[in-house]
1. So, R0 is 45 Å and r is the distance between the beta-carbons of Arg251 and Val129; what FRET efficiency does that work out to, to 0.05?
2. Under 1.5 on a/c is rounded, so check that first for the range 243-333, then, if it is not, pick prolate when a/b is larger than b/c and oblate when it is not; a ≥ b ≥ c are the square roots of the alpha carbon gyration tensor eigenvalues.
3. Arranged from highest to lowest average of other beta-carbon atoms within 10 Å per residue, in what order do the peptides 169-177, 95-103, 208-216 appear?
4. Rounded to the nearest 20 Debye, what is the dipole magnitude of the range 134-204 about its Cα centre when Lys and Arg each give +1 and Asp and Glu each give -1 at the C-beta?
5. Please report how far the C-alpha centroid of the range 166-214 lies from that of the range 281-333, rounded to the nearest whole angstrom.
6. Rounded, prolate or oblate, given the Cα gyration tensor of the range 134-204, with a/c below 1.5 counting as rounded?
7. In nm, to one decimal, how far is the modelled label at Ala154 from the one at Leu193, with both set 7 Å along Cα→Cβ?
8. When only C-alpha pairs under 8 Å and at least 6 residues apart count, what is the relative contact order of the range 134-204, in percent?
Amino acid sequence: MPDRPTTPARPPGAKGRPVAPKRDARDSPARVVPTSERRRPVSEIAETRTAVRVQENAAGPAAENPRTTTAVDPEVFTRVGGRETDGVTLRMRERLAEKRSAERRLVLRRWGRRGAVLAALLLLVWAVVMSPFLRFDASAAEISGSGPYVDTAAVDAAVAQYDGDSLALVDTAALVASLRAIPGIADATVERLWPSTLRIDIDARVPVAAVPVADGGYAIVDDSATTVTTVTDAPTDLPVVNVPLGDGSDRVLDAVLGVIDELPVDLRARVQDINADSEDSVSFTLRDGPQVEWGGVEDSATKAQVLVVLLGSPEASSAAVIDVSAPTLPITRAQ
């Protein structure tokens, strides 16, 4: 071993730190660099980094540096630098196999749930559409509200067209439309009564007058001038309105029906016939009393009240005509 050079002694009176004498590089032997410290080739560095990245991927989301890397077939990393990667490839294969198995189980569970839901839906559809327990029985339908002028045979035929169908598939809107088209029916409601029948409520038209028709007979009409039915003879319980139908006198007929609607029920039943040449010249005759000059349709409610009072007074008992066209100044005449 070569002798270590000594620092020369400080001359007396010198200041500062002692300075070692310069050494010539040629005087020192060359330092031997270990093999592990030598510069490695770039390819070996790349392979080492690849192996480190593989280990980080195998560590999962709990790694300190959770970087996203592209999954690569483990066969690529079977060997790094000519040697096995210390079990990394085996661990990766095991983790990937576990992951694939978990994914397969998840997919199977999802499809299993979907299959169960589909089977339940198919069973429900079969129960609703094909089950004999839900088939409509027309003979058991509950029908209410039929009036004296409603064609019950037409009602039964409209209901019977759905006999034997699944109750869920009965088109209630179409059935209501069919019922409304029957003369004498103003409206109808249809309600399902599970498991196999219907409840049908019919709103029958209420006749208020009889109107002569051109070819003979009388049309029984309601308060909207809709024909309920036709009869040959004049009814005894309805007033006869002498305003021919279809003669351009719809407004006159509407005015007359409005007057009838304002009369009390007991007085309405006493009206025998009504005449009107225009909307302002309405008059009618009572079955057991005088003729009433009504005038126009205005103030009809007041006119009805005045007429009831006059019919109950002794002065009007012998009158042949009662004029309420001016309700504040009613007039009674003997002839």
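1. About 0.30, to the nearest 0.05.
2. Prolate.
3. Numbers: 169-177: 13.9, 95-103: 11.2, 208-216: 16.3.
The densest-packed peptide leads the list: 208-216, 169-177, 95-103.
4. 80 debye
5. 40 Å
6. Note, shape of the range 134-204 comes out prolate.
7. 2.5 nm
8. Dividing the mean separation by the residue count of the range 134-204 yields 45 percent.
Coordinate-derived values only; no laboratory data. Model, not experiment: these values are computed from the prediction. For neighbour counting, all protein chains shown are included, and Cβ atoms are generated from backbone atoms with ideal geometry for every residue, glycine included.
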